[in-house]
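The values are calculated or read from the model by the stated rules, or taken from the named source; none is laboratory data. As the structure is a computational prediction, the values presented were derived from the model and not from experiment. All Cβ positions, glycine included, derive from the backbone under ideal geometry; neighbour counts span all protein chains shown. Accessible surface is based on the protein model in full, side chains and every heavy atom, while ligands, DNA and RNA are left aside. Shrake-Rupley method; radii C 1.70, N 1.55, O 1.52, S 1.80 Å.
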Amino acid sequence: MKKIFRSVAALAVVMFAGCTTEIVDDNFAPVLDGNTTVVTFDLGESRTSLGELDENNHRKVLWSTGDKIAINGVTSAEAVISEENPSKASFSFDSDLAYPYNALYPAAFYKDEATITLPATQGVGVGTFATNTLPMAAHIGEGEAATLHHVAGALRFRIKQAAAEGADAHEIHHVEFRGNNGEQLSGDFAIDYTNLTLTSASEAEADKVVATKVYADSSKEEDLNLFVVVPARTYERGFTLRIIDKNGHYMDVKSEISQTIAKGEIKAMPSVEFVPTGTLVNVEIKSAADLVAFAKEYNAGTYAGINPFVVEFANDIVFDDATNAEWEPIGNIF
């Protein structure tokens, strides 16, 4: 059974507070200390992890410990956040930066002067998107006031974990987000710092999906409040969220109408209950020869890092002399 969202009216829109906040010239001007450049961003309420919803349906986006930015491809030291004014953070660079500045958060997304790389797997966040997930950028000329802008948006999904008998088999492991028109979601994008746009630069199937982990301490008595950060764009045929449990069972939640995710916007989707309708199968084994081949591949590390990993036996397995001679134990520690 498919859960399908058909009504645009069912979508709640939450804007990031202060998503275009000016940076005071005096604060932004680089301070030269020997061979070090220190740049201070005073962003008001435009920072890098999600705060609480306020009475105006806005959420603050907060600086986070360990944040780094890149300017013209040079990565800063970790942010030094002001104790007196937590909206202000200073970033040190072991070089003399030259104008104009092309600034990028997070620094880890920088690939080259015209390209950023968005990760295929986003980190764990409890009631927020993870740090180092939400990209922001700026182009600053000498003497210009500066603004960091969002170049992506986010979707929020509330997932109820089924409480029915036997539901322990359905502990959610992660979710996967896809555009129904094959839109690129991860991998390399061309970035225009002046116009603050991202342009797809890959046709690889692996770059058409982004996964978000589920936080380990989640309780089955509580709804999961998950955020998926995606490039700002119109998803012409909607999108699909696949919810996957630790045993490879899954449920697809679909929106089959055009959806626009704006820069600095969160779309809040209606709550759904996780009731798996299918099982992901990584390997299907029909014979002893298949099992022998699988054992060799597994022991060679072919399937390392796949989680959850599901093997399905389609038939009873009968060994003969040849397959018995070739057999090696799966996971043989020797």
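Calculate the spin-label point distance for V124 paired with D316, positioning each point 7 Å from the Cα along the beta-carbon direction, and give it in nanometres.
Each label point is offset 7 Å from its Cα along the Cβ direction, giving 4.3 nm.
Heads up, I need the accessible area for Y99: 1.4 angstrom probe, whole protein in place, Å², nearest 10.
80
Could you order the peptides 151-159, 201-209, 265-273 from most to least packed, using the average number of other C-beta atoms within 10 Å per residue?
Packing proxy ranking, top to bottom: 151-159, 265-273, 201-209.
Rank these by accessible area, largest first, 1.4 Å probe: Y105, Y110.
Correct descending sequence by accessible area is Y110, Y105.
Once ligands and nucleic acids are excluded and a 1.4 Å probe is used, how much of K160 is accessible, expressed in Å² to the nearest 10?
We get 100 Å² for K160.
Could you sort V214, V275 by accessible area so the largest value comes first, with the probe set to 1.4 Å?
Accessible-area ranking of V214, V275, largest first: V275, V214.
With label points built 7 Å along Cα→Cβ from the Cα atoms of A114 and W327, find their separation and express it in nm.
The modelled label-to-label distance comes out at 5.8 nm.
Give me the one-decimal nm value for the distance between modelled label points at T302 and A98, 7 Å along each residue's Cα-to-Cβ direction.
That separation, rounded to one decimal, is 5.2 nm.
If R₀ is 51 angstrom, what is the calculated FRET efficiency for the pair V80 and T279, using the beta carbon separation as r and rounding to 0.05?
Calculated transfer efficiency: 0.55.
Keeping all protein chains in position, work out how much accessible area I81 exposes to a 1.4 Å probe, and write it in Å² to the nearest 10.
60
Given a cut-off of 32 Å, name the pairs among K88/K246; K111/K267; K88/K160; K111/K296; K246/K286; K68/K160 whose C-alpha atoms lie farther apart than that in the structure shown.
K88/K246; K88/K160; K111/K296; K68/K160
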